[in-house]
1. Multiplying the sequence separation of Gln120 and Leu18 by 0.36 nm and subtracting their Cα-Cα distance, what value in nm do you get?
2. At Leu57 and Gln88, where each label point lies 7 Å from the Cα along Cα→Cβ, what is the point-to-point distance in nanometres?
3. Using a 10 Å Cβ count of at most 15 others and DSSP loop calls, identify the longest part of the chain lacking such trypsin sites (Lys or Arg not before Pro).
4. Just to verify a number: FRET efficiency for Ala74 and Glu102, C-beta to C-beta distance, R0 = 22 Å, to 0.05?
5. Compute the angle between helix 33-45 and the longest alpha-carbon principal axis of the chain, please, reported from 0 to 90 degrees and rounded to the nearest 10.
6. When the helix-only estimate is applied to the chain (DSSP H runs of n ≥ 4, each -39,500 (n - 2.57), divided by the residue count), what is the mean residue ellipticity at 222 nm, nearest 500 deg cm²/dmol?
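Each reported figure results from applying straightforward, stated rules to the coordinates on display, with no laboratory input. Since the model is a prediction, treat every value here as computed from it, not as a measurement. No Cβ is skipped: glycine too gets one built from the backbone with ideal geometry, and neighbour counts run over all protein chains shown.
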Amino acid sequence: MGDQDRFARAVHVVFRGLGRLSRERARGGDITPQQADTLQLLAERGALSTSSLASQLGIDSSTASRNLSGLERAGLVTRKKGTDDGRQTDVRLTPRGKRAAESATNKAQQAYGGVVDKLQRGDRSKVIEALDILAKALAE
């Protein structure tokens, strides 16, 4: 089996496992995993347009808009016409949204921390370094 095949299989297993963790952390909560990702992205980046948000989350604009509608009804985000372009909508976290984003981040850190705890000490830094490298490659 070549490097590309090994990589593809490993990524698939990791992706499926992270998806399971994401769903588990959302159970009992008021927001979906995708909405939690939206809140966390807004907390990291500040105000974003709906199209930029969709692009960075890897979803289409209509899906982003539906997610934002639910978050807006819950009082977690506000949407206002853009200052530079009236056709653009800027999305911002409300104070309640900031708290929800922080809570989602804390839950994610706990869930992922549990995975790190399962790794042997000698492997932890290797895995983290490899993930940093992969994250940079995906961001390009």
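1. Working: separation 102, 0.36 × 102 = 36.72 nm, distance 1.91 nm.
Fully extending the segment from Gln120 to Leu18 adds 34.8 nm.
2. 1.8 nm
3. Details: sites that count: Arg27, Arg87.
Counting only loop sites that pass the neighbour cut-off, the longest clear stretch is 28-86.
4. Details: r = 15 Å, r/R0 = 0.70.
Here the calculated transfer efficiency is 0.90.
5. 80 degrees
6. Numbers: 6 runs with 101 residues, N = 140.
After summing the helix terms and dividing by residue count, I get -24000 deg cm²/dmol.
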